[in-house]
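The values are calculated or read from the model by the stated rules, or taken from the named source; none is laboratory data. Source: prediction; values computed, not measured. We place every Cβ from the backbone using ideal geometry, glycine too, and count neighbours over all the protein chains shown. Surface areas here come from the heavy atoms of the whole protein model, side chains and all, with no ligands, DNA or RNA. Shrake-Rupley method; radii C 1.70, N 1.55, O 1.52, S 1.80 Å.
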Amino acid sequence: MRYMLLIYNDEAAMASAPTEKTYEISAAYGAYTEALKKSGAWLAGDRLKPTQSATSVRMANGKTNVLDGPYADTKEQLAGFYMIEATDIDTAIEWAARCPAASTGTVEVRPIWEMTEYLSEK
């Protein structure tokens with residue numbers, strides 16, 4: 001089954017981290033990504049640009065509303081993701097616990113709702 005590991009961190013804290021800490025964090029993510037790839041669990045993953053570069057889109061009364069920047073003001077922001085293949089939720093949680101963000105922010109584990117599941121329910 002596929003799972004998304006959604007990585008949430010405090011952008012302001014990450015932006016103000018000393019350069020050596022940034023290198024340390026990058027190395028930890030590199031090692032984590034390699035471990036996922038070697039295990040065969042890695043399907044995709046990327047870091048996201050800061051929320052200031054985001055565009056939020058909402059439909060209201062048939063009109064498209066476009067807002068630049070983040071829509072919600074929160075302590076932690078969505079910073080990146082991994083899509084993994086895992087046999088079950090427990091295995092996905094084990095991978096999430098190993099993610100560097102688990103010690104500095106939050107890693108949300110979400111199962112992918114496969115379209116084949118949706119179509120078979122109809």
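Looking across segment 58-84, the residues that are more than 16 Å from the chain's Cα centre (by Cα) and in a strand (DSSP E or B) come down to Arg58, Met59, Ala60, Lys63, Thr64, Asn65, Val66, Leu67, Asp68. Across segment 47-77, the qualifying residues are those that are under 24 Å from Ser103 (Cα atoms) and in contact with a strand residue (DSSP E or B) (Cβ under 6 Å, 6 or more places away or on another chain), and the one among them that is most open to solvent (accessible area, probe 1.4 Å) is Arg47. For segment 13-71, give me each residue that is modelled with pLDDT of 90 or more, in contact with a Phe, Trp or Tyr (Cβ under 9 Å, 6 or more places away or on another chain) and among the hydrophobic types (A, V, I, L, M, F, W, C). Ala35, Leu36, Ala41, Trp42, Leu43, Ala44, Leu48, listed by residue number.
Confirm whether Ala96 is open to solvent by less than 100 Å² (accessible area, probe 1.4 Å), assigned to a strand (DSSP E or B) and in contact (Cβ under 8 Å) with a residue 24 or more places away in the chain. Before you say what the answer is, go through the steps one by one.
On the way: open to solvent by less than 100 Å² (accessible area, probe 1.4 Å): yes; assigned to a strand (DSSP E or B): no; in contact (Cβ under 8 Å) with a residue 24 or more places away in the chain: yes.
Taking the combined requirement at face value, the residue does not satisfy it.
Of all the residues that make up segment 15-46, how many are among the β-branched types (Val, Ile, Thr) and surrounded by 13 or more Cβ atoms within 10 Å (Cβ to Cβ)? Qualifying residue count for the region: 2. Looking only at segment 16-40, residues that are in contact (Cβ under 8 Å) with a residue 60 or more places away in the chain and outside any helix (DSSP H, G or I) come to 0 in all.
Applying the set (1) in a loop (DSSP other than H, G, I, E, B); (2) at pLDDT below 95; (3) not aromatic (Phe, Trp, Tyr) to Thr87 leaves exactly one unmet item: (2).
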